[in-house]
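Contents: one structure, followed by commentary.
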Amino acid sequence: MISGNLFIITAASGAGKTSLVRELLAADPQIKLSVSYTTRKPRPGEVDAEHYHFVDEATFLEMLGEGDFLESAEVHGARYGTSQTRVDSVLKQGNDLILEIDWQGAEQVRRLYPQAISIFILPPSIEALEQRLHDRGQDSKEVIAKRLAVARDEMSHVAEFDYVTINDVFEVALDDLRAIIRAQRLKLQAQTERHQALINALI
């Protein structure tokens, strides 16, 4: 049975991860996105069950206690978690799945799914990251300062990842992500599973 690839995509807040993933999903129906659970409040335009499953603290802790999460972490004062059932279901269907999670979550996932492919997206500079956070218009100067401090700590874990791309020019970073996904699909084991009859006939 063909199983899909599990991709972990991590970036500091403001590095452009969400926009890049959105483009990947729009162009490739074989890629699915794991919708995380979170205790933070929805931002303007965010829809429950589409961007996140928004739950209260008590519900999240109950799910955590019951072992529902593949990984969970606390970031910027809010909790985030990935559904184990959802991950297993998508992969068994042969689809590729993207987890948009932080480095802590990535570390937890790699323990259970060592075959997962991890990608870290970096900004071109700390100044560019700060400007992007300002341009979003969602946070105060104090919150942005805290996010930048957290971002430096997050980016210090870049060496733990399989691939790194720098989101300076959006289309270049997007092409980098597409190349990683395509290369993973062309690995021997994946191609053997998909084309066993052809390979047997040829050799």
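The values are calculated or read from the model by the stated rules, or taken from the named source; none is laboratory data. Model, not experiment: these values are computed from the prediction. Quick reminder, even Gly has a Cβ in these numbers, built from the backbone with ideal geometry, and neighbours come from all protein chains shown.
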Scanning the range 176-203 residue by residue, the ones that are closer than 19 Å to Leu91 by Cα and either basic (Lys, Arg) or free of Cβ contacts under 8 Å to residues at least 60 places away in the same chain (or both) total 12
Number of positions in the range 163-203 that are of a type in the set (D, E, K, R), within 24 Å of the chain's Cα centre (by Cα), surrounded by 11 or more Cβ atoms within 10 Å (Cβ to Cβ) and in a helix (DSSP H, G or I):
4
With respect to Glu62, determine if the residue is touching a residue at least 40 places away in the same chain (Cβ under 8 Å) and outside any strand (DSSP E or B).
no
Answer with yes or no whether Gln115 is at pLDDT 90 or above, under 16 Å from Ile8 (Cβ atoms) and out of contact with any helix residue (DSSP H, G or I) (no Cβ under 7 Å at 6 or more places or on another chain).
yes
Would you be able to say whether some residue in the range 166-175 is touching a Gly at 6+ places or on another chain (Cβ under 6 Å) and touching a residue at least 24 places away in the same chain (Cβ under 8 Å)?
yes
Search result, residues across the range 23-63 that are of a type in the set (Val, Ile, Thr), closer than 13 Å to Tyr80 by Cβ and within 13 Å of the chain's Cα centre (by Cα):
Val35
When (1) closer than 23 Å to Ile31 by Cβ; (2) touching a helix residue (DSSP H, G or I) at 6+ places or on another chain (Cβ under 6 Å) are applied to Leu133, the one that fails is (1)
Can you tell me which residues in the range 76-94 are crowded, with 17+ Cβ neighbours inside 10 Å and among the aliphatic types (A, V, I, L, M)?
Val87, Val90, Leu91
Counted residues, the range 65-85 - those being at pLDDT 90 or above and within 21 Å of Thr10 (Cβ to Cβ):
11
Looking only at the range 37-54, decide whether some residue is more than 22 Å from Glu23 (Cβ to Cβ), at pLDDT 95 or above and of a type in the set (A, V, I, L, M, F, W, C).
yes
Is at least one residue of the range 79-87 aromatic (Phe, Trp, Tyr), in contact with a Gly (Cβ under 9 Å, 6 or more places away or on another chain) and closer than 21 Å to Ile144 by Cβ?
yes
Which residues, counting only those in the range 12-23, are at pLDDT 95 or above and closer than 23 Å to Glu160 by Cβ?
Leu20, Val21
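Residues are listed down the side, and each one gets a yes or a no for (1) surrounded by 13 or more Cβ atoms within 10 Å (Cβ to Cβ); (2) part of a loop (DSSP other than H, G, I, E, B):
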| site | (1), (2) |
| --- | --- |
| Ser3 | yes, yes |
| Thr10 | yes, no |
| Arg22 | no, no |
| Pro44 | no, yes |
Checking Glu66 against (1) surrounded by 13 or more Cβ atoms within 10 Å (Cβ to Cβ); (2) farther than 15 Å from Gly105 by Cα, which test does it fail?
(1)
When only residues in the range 136-162 that are touching a Ser or Thr at 6+ places or on another chain (Cβ under 7 Å) and either at pLDDT 95 or above or outside any helix (DSSP H, G or I) (or both) count, which is surrounded by the fewest Cβ atoms within 10 Å (Cβ to Cβ)?
Asp162
